[in-house]
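Scroll down for the structure; my scribbles are underneath it.
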Amino acid sequence: MPTANPIKRTNRIAIVVVVLVLAVVVVLAKTSRQPLSDPQFAAKAAQGSLAEVELGRLAAQKSQSETVRAFGERMATDHTKSKAKLEKIAAQQNISLPGDLDKDAQKNYEKLSKLSGPDFDRLMS
């Protein structure tokens, strides 16, 4: 069986990484449209971190690309750590944080969770 063109594979991996990063940018853009109080900012940041953790785990499970899986694992690990730090600070300030994905992140997660392997990677490219 012929091997896949490494350039096309690298391009697909790069596109998947860009799409995942754009998900973060969308979350940040939504939080920066208006001034937020500390509790509002903390809640948005917590939801953004939670989305990154869940999407990272999903990429680690569903992608056929080792590079994308490794990136997903790293993203989940890093955002789990930042979320834990935020939770500690929020607790000290008596700020309640959401524990669930927001509606948009949940919709994206559900759409991607139904796919795996080449189908997952194809949607991401």
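The values are calculated or read from the model by the stated rules, or taken from the named source; none is laboratory data. What you are looking at is a predicted structure, and each value in this text was computed from that prediction instead of being measured. Counting neighbours? That spans all protein chains shown, and the Cβs are built from the backbone with ideal geometry, glycine included. Remember, those area values only see protein heavy atoms, side chains included, never the ligands or the DNA or RNA. Shrake-Rupley method; radii C 1.70, N 1.55, O 1.52, S 1.80 Å.
With only Lys, Arg, Asp and Glu charged, each at its Cβ (+1 for the first two, -1 for the last two), find how big the charge dipole of segment 34-73 is about the Cα centre; round to the nearest 20 debye.
100
Taking θ as phi - 60° and the Karplus parameters 6.51, -1.76 and 1.60, the scalar couplings of segment 38-44 work out to 4, x, 5, 4, 4, 5, 5 Hz in sequence order, x denoting glycine and proline.
Taking only protein heavy atoms and a 1.4 Å probe, what accessible area per residue, in Å², does segment 47-113 have with all protein chains in place?
Heavy-atom SASA per residue in segment 47-113 reads 60 Å².
Taking label points 7 Å from Cα along the Cα-to-Cβ direction, Q61 and Q106 give a separation of 1.7 nm. Accessible surface of D121, taken over heavy atoms with a 1.4 Å probe and every protein chain present, rounds to 10 Å².
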